[in-house]
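Asker: Below is a structure I'd like to ask you about.
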Amino acid sequence: SPEPPRPVAGMLAQFKGPATLKVAASRIRDEGFSRWDVHSPFPIHGIDRAMGIRPTILPWLVFGAGMTGAVVALLMQWWMNAIDYPMNISGKPLFSLPANIPIIFEVIVLFSAIAAFGGVLVLNRLPQFSHAVFSAERFRRVTTDGFLLVIDAADPKFDEAATRTLLESLEPDGIETFRETANGRGLPTVLVWGSVVVVALALLPPLLIARARGAKSASPRIHIIQDMDFQPKYKTQTAGPLFADGRAMRPPVPGTIADGQLDDDPYFDRGYLVLGRDEKGEEIRDYFTTFPIRVDMATILRGQERFGIYCAPCHGLVGEGGATGIVSIRALDREEELWVLPRSMHAKVVREQPPGELFNTITNGKGRMPAYGPQIPVEDRWAIVLYEKALQRSQNATIDDVPEEDRPHLR
């Protein structure tokens, strides 16, 4: 039996150019049609007014999405940093608006972009992969020289005979009635099933994560990127069958010394000689009173540079100690109970110390002061001591420190 005719999907009228199309659009607008559109090879100035299209609400959608993104980013960072996982980093506040601005900006851009992209599709009822107008013969010239006006059969005012009479009164070049396609206006079957598969696969990772968090398992976690997690190695303090004693950790080989750590020069590497031990078993030290490095302006300037990096933060730029260094000021502002104010390098007990003793203090620490030997090379430690002695002399100079030929100028 012959296939029954498919229902009418709409009616199309073709016009000679943009001017006649605009006139026709104004007429259709005045007739009160709501489900219709115009198509042309290029944008037509003023066609939106002729069609009675109101200003789009897309800017408001983008604005609302941006403000929503700002609130979401702000609350997210507040919850993470101040509530869920607070961390005290140098006494900084757990929540600070300036620190959150970059993330707020990025989320505003993200939400706004999604709203703009999705809003354009929704407001224009896109995508339409199988619209019935695509089957119209005259619609094939829409990208070449076709100026078309299309009225959808779903319009409440659409009547096939009355609509044709109305379009004929507009004196078009031609009128064509098009019908629904065999597949209708739904999404293609391939696209539907493809979307289902993509959504199902996208749900797998969060489901696996939820399962791993909610259920305990003796199996190791899945490592997509292996890194060094499963390399052949022995961990600290574990057994190892490779050696006869069964230990994975190996003691240092007797008699070996790490590169650059021979330290066989007590003058240069320690700053003192050990003369013996006292009744308590403690070393009797003879600190050197001279420098094992070149004493010149270049060395002093090097010491000044290193002093500014390692010493000034606590002792101050001129070694006054107390609350002159930025670290001491910060500790006092935070009311650190265990903080001890650094001693002034100009105190008599410090000024009287020989260079070797000052070098030892920098190397191994003293009292609350930590050891800086692992951080500062030996030459730089001696340069710091040299600069420290120069600082002490600058703050505690006497007439004896002035050459005799210059003393008359001081009177």
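Asker: Among the residues of segment 36-53, what is the count of those that are touching an Asp or Glu at 6+ places or on another chain (Cβ under 9 Å) and either closer than 9 Å to Lys22 by Cα or open to solvent by 80 Å² or more (accessible area, probe 1.4 Å) (or both)?
Answerer: 1
Asker: Being of a type in the set (A, V, I, L, M, F, W, C), open to solvent by 80 Å² or more (accessible area, probe 1.4 Å) and within 41 Å of the chain's Cα centre (by Cα), is that true of even one residue in segment 235-244?
Answerer: no
Asker: If we keep just the residues of segment 152-199 that are assigned to a loop (DSSP other than H, G, I, E, B) and of a type in the set (Asp, Glu), which is farthest from Val133 (Cα to Cα)?
Answerer: Going through the qualifying residues, I end up with Glu171.
Asker: Do you know which residues across segment 129-155 are of a type in the set (Val, Ile, Thr) and either modelled with pLDDT under 95 or under 45 Å from the mean Cα position of the chain (by Cα) (or both)?
Answerer: Answer for segment 129-155, where residues must be of a type in the set (Val, Ile, Thr) and either modelled with pLDDT under 95 or under 45 Å from the mean Cα position of the chain (by Cα) (or both): Val133, Val142, Thr143, Thr144.
Asker: Restricting segment 312-326 to residues that are out of contact with any Gly (no Cβ under 8 Å at 6 or more places or on another chain) and touching a residue at least 24 places away in the same chain (Cβ under 8 Å), which is farthest from Ser394 (Cα to Cα)?
Answerer: Among those that are out of contact with any Gly (no Cβ under 8 Å at 6 or more places or on another chain) and touching a residue at least 24 places away in the same chain (Cβ under 8 Å), it is Gly321.
Asker: Mind checking which residues of segment 384-402 are part of a helix (DSSP H, G or I) and over 51 Å from the mean Cα position of the chain (by Cα)?
Answerer: Ile399, Asp400, Asp401
Asker: So which residues in segment 165-193 are open to solvent by 80 Å² or more (accessible area, probe 1.4 Å) and either over 17 Å from Val38 (Cβ atoms) or in contact with a Cys (Cβ under 6 Å, 6 or more places away or on another chain) (or both)?
Answerer: Thr165, Glu168, Arg179, Ala182, Asn183, Arg185, Leu187, Thr189, Val190, Trp193 - these are the residues of segment 165-193 that are open to solvent by 80 Å² or more (accessible area, probe 1.4 Å) and either over 17 Å from Val38 (Cβ atoms) or in contact with a Cys (Cβ under 6 Å, 6 or more places away or on another chain) (or both).
Asker: Could you tell me how many of the residues in segment 54-85 are loosely packed, with under 15 Cβ neighbours inside 10 Å and hydroxyl-bearing (Ser, Thr, Tyr)?
Answerer: Residues meeting the conditions: 2.
Asker: Taking segment 116-145, which residues are open to solvent by 80 Å² or more (accessible area, probe 1.4 Å) and among the acidic types (Asp, Glu)?
Answerer: If the condition is that a residue be open to solvent by 80 Å² or more (accessible area, probe 1.4 Å) and among the acidic types (Asp, Glu), then Glu137 is the only one that fits.
Asker: Return only the number of the condition from (1) surrounded by fewer than 11 Cβ atoms within 10 Å (Cβ to Cβ); (2) in contact (Cβ under 8 Å) with a residue 24 or more places away in the chain that Ile104 does not satisfy.
Answerer: That leaves (1) as the condition not met.
Asker: Take Val318 and tell me if it is under 30 Å from Met345 (Cβ atoms), over 45 Å from the mean Cα position of the chain (by Cα) and open to solvent by less than 100 Å² (accessible area, probe 1.4 Å).
Answerer: Here the answer is no, as Val318 does not meet what is asked.
Asker: Read through the list (1) in a helix (DSSP H, G or I); (2) more than 22 Å from His131 (Cβ to Cβ), then give the number of the only condition that Arg29 fails.
Answerer: Arg29 satisfies every listed condition except (2).
Asker: Is it the case, given these coordinates, that Asn88 is surrounded by 12 or more Cβ atoms within 10 Å (Cβ to Cβ) and over 30 Å from Lys16 (Cβ atoms)?
Answerer: no
Asker: Hey, among Leu121, Leu126, Leu97, Leu110, which residue is modelled with pLDDT of 95 or more and closer than 30 Å to Val62 by Cβ?
Answerer: Leu110
Quick grid of which residues meet (1) among the aliphatic types (A, V, I, L, M); (2) in a loop (DSSP other than H, G, I, E, B):
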| site | (1), (2) |
| --- | --- |
| Leu201 | yes, no |
| Ala218 | yes, yes |
| Ile225 | yes, yes |
| Thr236 | no, yes |
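Asker: Which one of Ile284, Ile309, Ile329 is open to solvent by 50 Å² or more (accessible area, probe 1.4 Å), without any contact (Cβ under 8 Å) to a residue 60 or more places away in the chain and in contact with a Gly (Cβ under 8 Å, 6 or more places away or on another chain)?
Answerer: Exactly one of Ile284, Ile309, Ile329 is open to solvent by 50 Å² or more (accessible area, probe 1.4 Å), without any contact (Cβ under 8 Å) to a residue 60 or more places away in the chain and in contact with a Gly (Cβ under 8 Å, 6 or more places away or on another chain), namely Ile284.
Asker: So, in segment 364-381, how many residues would count as being part of a strand (DSSP E or B) and either among the charged types (D, E, K, R) or over 16 Å from Leu341 (Cβ atoms) (or both)?
Answerer: Looking only at that region, the number is 1.
The values are calculated or read from the model by the stated rules, or taken from the named source; none is laboratory data. Bear in mind the structure is a predicted one, so any value in this text is a computation, not a measurement. Positions of Cβ are backbone-derived with ideal geometry, glycine not excepted, and every protein chain shown enters the neighbour counts. The protein model used for the area step is the full one, side chains on, heavy atoms only, and it has no ligands, DNA or RNA in it. Shrake-Rupley method; radii C 1.70, N 1.55, O 1.52, S 1.80 Å.
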